[in-house]
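Structure first, commentary second.
The values are calculated or read from the model by the stated rules, or taken from the named source; none is laboratory data. Everything quoted here is computed from the prediction, not taken from an experiment. With ideal geometry, Cβ positions are generated from the backbone for all residues, glycine too; neighbour counts draw on all protein chains shown.
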């Protein structure tokens, strides 16, 4: 018959051993707290186990470092995106501020242009778009019949004449520019009072002063203004500047090209002169001694 292991049939019982070692542990704790007898042992054990402790902490530190790295990268990306968004908003606000300042300056200039037309009523019209027709130069304004615009009304900017209203709708109006090939305007050379008619030029963006004699007193740089002879445009509004004068002995007329004074490329607002036919200014009196000669003829 098998006999049980020695642990169960000889020596003290497990309960007695538990009580003994518990008493021993309590005694060691009391002794250590009183006389610090185990301090040296703890220090020595701590020194021995320190490298092991550091090795065991490496995985946790690596995990924390990797987690912190990705957290920092995500945070930096969010901050970078926020800074970019604020930069775009600031740039947009700055651009809008500059645009508003430029628009206000143009409006002040247009208000100053009203002084050039005297008491003639005016209407401020926004430029909607330019017609995409390669054979004509026309724009559309955001004012029309409901605003009192009529066919034939002159259109100007702060510098001079832009064109003429040629079609009117309920809330829009079509303006034919002076540079259109079918447009013409009576002009007067400021320097000497010479009169003529300017037409839309053969070259884009220019005017041609046609039917001027080859020996006409016109030079480069001369300023041309409206003469008022057509009863449509008020006299004295700038039209353009002479840019080219060509005279050939075989030709009866000189070739004179003008650069328009006004231009729609730099404007978003224009002035419409609401001049009815009965309100249009009378043309200026003839220059020279023509009245005297007519008086002499009557005598």
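Results, tabulated for the structure shown:
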read-out: Residue tally, condition assigned to a loop (DSSP other than H, G, I, E, B) and within 16 Å of residue 245 (Cα to Cα), over segment 193-218; value: 12
read-out: Residue check for residue 134: modelled with pLDDT of 90 or more and either assigned by TED's automatic domain parsing to the domain that holds residue 198 or part of a loop (DSSP other than H, G, I, E, B) (or both); value: no
read-out: Selection count where residues are surrounded by fewer than 21 Cβ atoms within 10 Å (Cβ to Cβ), assigned to a strand (DSSP E or B) and under 27 Å from the mean Cα position of the chain (by Cα), scope segment 155-191; value: 1
read-out: Members of segment 5-31 that are touching a helix residue (DSSP H, G or I) at 6+ places or on another chain (Cβ under 9 Å), modelled with pLDDT under 75 and in a helix (DSSP H, G or I); value: 7
read-out: Any hit, segment 273-281, residues being farther than 12 Å from residue 187 by Cα and modelled with pLDDT of 85 or more; value: yes
read-out: Which listed residue, of 188, 177, is within 13 Å of residue 225 (Cα to Cα) and assigned by TED's automatic domain parsing to the domain that holds residue 218; value: 188
read-out: Segment 120-131 - residue that is within 21 Å of residue 230 (Cβ to Cβ) and assigned to a loop (DSSP other than H, G, I, E, B) and, of those, modelled with the highest pLDDT; value: 121
read-out: Answer from 255, 247, 241 - the residue that is without any contact (Cβ under 8 Å) to a residue 24 or more places away in the chain and out of contact with any helix residue (DSSP H, G or I) (no Cβ under 7 Å at 6 or more places or on another chain); value: 241
